[in-house]
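Input: a single structure, listed below in structure tokens.
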Amino acid sequence: MLGLMQDRPLLISSLIDFAALYHGNTEIVSRTVEGPIHRYTYKDLAHRSKQLANALTKLGVKLGDRVGTLAWNTYRHFELYYGVSGMGAVLHTVNPRLFPEQIDYIVNHAEDSYLFFDITFAPLVEKLAPQLKTVKGFVALTDRAHMPKDSKIPNLLCYEDLIGAESGEYEWPVFDERTASSLCYTSGTTGNPKGVLYSHRSTVLHSYAVCQRDGLNLGSADSALVIVPLFHANAWGVPYGACMSGAKLVFPGPALDGKSVYELLRDEKCNFSLGVPTVWLAFFQHVDANKDLDVKKDILLERVVIGGSAAPRAMIERFAKQMDCFVIHAWGMTEMSPLGTTGNLLKKHAGLPLQQRLDVQAKQGRTVYGVEIKITDDTGKELPRDGVAFGDVKVRGPWITKGYFKGEGGGVLDADGFFTTGDVATLDADGYMQITDRSKDVIKSGGEWISSIDLENAAVGHPAVQEAAVIGVFHAKWQERPLLLAIRKPGQEVSKEDLLAFLEDKVAKWWMPDDVVFVSELPHTATGKLLKTKLREQFKDHKLPTPGA
Ligand code: ADP
């Protein structure tokens, strides 16, 4: 017997309709690419998204067509989130930090019909345009006065002219909630980038997790600075959760430096923000360099979400001590929309002394409802949730991918429908997960696994070490042993022997790196993660000095 409840499809357009009706006067503030701060409301957002939908219809964009963006976090990019998906087309957010060849590959692979871009990227678009065969027109996200001058971009349109000519009357179409809504490519550290294709249903369900108390806890009382880029992993679900919750939104545009971030947080009285560790490093550098700033008075942050890579314990501590701000350490990935776990506290943690609380917060948190997580060994057998055993993290749920766009990468689910994340972690009895590695980075020594991340974290604890990377290199007896690569802080001295002695009481004896090499730089991906494939290539012939190597 089926239930008798209404089958209203979960569509992205329902989020903007809700926000316009119930949070119509709530502000959306943007630092624009042109410079000045722009302010408007959810009502304006809804109106202009409908103008955009009308414009797209006139351009011939149809259900399922891909529409690309190369843009920063501003209100115009946000309008594309609703105008494009709302009318049934697929919003394809392209990461402008990727190499031009990757962007070329991605836009062609997605077969984007139009490409909307911020004027900052005009030179890049001009260079790529001849190769982008499926793109019928390029739309500069600006007004007539700021259009790129003497540009050779073919079929160049001006966004404000395009939507300004249209009515704000538009009836959002109703279609199957499983219809594709947006597309985001992984950064492709191995092989070509692969497309993750979200649906309206997956997006709306994921938004509930964003607004859930034990998720990201986004609500109508919040003023949220969205630093995580709208082109990255669907900006952690906030663009959709914002309309569901009616939070005030603040977009930083292209200015992600410490000073600009500080000023926006202060001026817009933000109590909530989200960003990768790197942006917060820049923020604290600004604070350190300007001793006259009254941080306690200026910065009203209560919660900050940090993810994308591990939030350093020292950073979580600094937010707590300097601003009385709670860091929600979150883990996820593009393939998971992206939320998987969030580091909220349980009742039993109430009143814990700070250092013990940090032990909990430094882990990647517990799963949000909607994501099932397990860890397995090499043979696929599930491992215990004891906080000690570590294995491959596998996930299942309605906002997790079941395969990449156009079948790239083949079947990606195990027999039980779980997706292998490529991360290695422990789970404890309370369900808190701690990432110990990427599966391809874990070091396999004599059949046992060594966590490269644990070793790196320990090494950067040395006051003279700026950054560290640990990779496995060939060892005749043990198959692989850890090699530590480290960058010294400017003007600081530390020797191999010093560093190994420093690690002695911090890691298991058999985890100790067999060798240390000091380098002047380490390679990173477009999203700021260590590029270990390159390091392994570079050091593949490195001869370890240990016996039996
Ligand atoms: P990109 O490689 O483009 O940044 P993703 O954002 O999808 O793509 O990257 C997801 C990966 O980032 C995860 O599989 C994990 O390895 C890493 N990651 C994300 N959040 C965390 C975290 N809190 N701690 C450690 N690693 C993380």
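Below are the figures for this structure:
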item	result
Longest to shortest principal axis, alpha-carbon extents of region 72-160, angstrom	33, 30, 23
For q = 0.12, 0.21, 0.22 Å⁻¹, Debye-computed log10 I/I(0) when each Cα of region 282-426 counts as one equal scatterer	-0.61, -1.29, -1.37
Local electrostatic count, residue 412, Cβ distance below 10 Å [Lys/Arg +1, Asp/Glu -1]	-1
Alpha-carbon centroids, region 441-509 and region 130-209: separation in whole Å	43 Å
Principal-axis tilt of helix 200-211 within the chain, Cα atoms, nearest 10 degrees	60 degrees
For the chain, calculated [θ]222 nm from helices alone, where every DSSP H run of n ≥ 4 adds -39500 (n - 2.57)	-8000 deg cm²/dmol
Within straight-line cross-link reach of residue 62, aspartates and glutamates at Cα separation under 17 Å, skipping those fewer than 8 residues along the same chain	111, 112, 171, 176, 177
Paired Rg and Dmax values of the chain, which use every Cα atom, in angstrom	23.9, 76
In nm, spacing of pseudo-spin labels at residue 500 and residue 318 (7 Å Cα→C-beta vector)	3.2 nm
Rounded to 10°, Cα long-axis angle of helix 12-22 versus longest principal axis of the chain	70 degrees
Across 43/347; 348/402; 291/347; 127/402; 194/534, pairs whose alpha-carbon gap is larger than 28 Å	43/347; 348/402; 291/347; 127/402
Carbon/sulfur fraction of accessible area - region 57-120, other protein chains in place, 1.4 Å, %	58 percent
Accessible surface of region 431-505, 1.4 Å probe, proportion on carbon and sulfur as whole %	48 percent
Whichever aspartates and glutamates have a C-alpha closer than 18 Å to that of residue 381, once near sequence neighbours (fewer than 8 apart) are set aside	372, 392, 414, 416, 423, 428, 448
Exceeding the 29 Å Cα-Cα cut-off - candidates 133/532; 509/532; 374/440	133/532
Using alpha-carbon coordinates, inclination of helix 258-267 to the longest axis of the chain, degrees	50 degrees
Gyration tensor (Cα) of region 443-538, equivalent ellipsoid semi-axes in angstrom	20, 17, 11
Whole-number Å³ per residue for the convex hull built on Cα positions in region 186-284	116 Å³
Theoretical FRET efficiency, 1/(1+(r/R0)^6), r = Cβ-Cβ of residue 537 and residue 350, R0 60 Å, to 0.05	0.80
Shape box of region 1-105 [Cα atoms, principal axes, largest first, Å]	54, 36, 28
Surface accessible to a 1.4 Å probe, per residue, for the residues of the chain, Å²	42 Å²
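The values are calculated or read from the model by the stated rules, or taken from the named source; none is laboratory data. Since the structure is predicted, the reported quantities are computational estimates derived from the model, not experimental observations. Counting neighbours? That spans all protein chains shown, and the Cβs are built from the backbone with ideal geometry, glycine included. Ligands, DNA and RNA are excluded from the accessible area calculation, which covers all protein heavy atoms including side chains. Shrake-Rupley method; radii C 1.70, N 1.55, O 1.52, S 1.80 Å.
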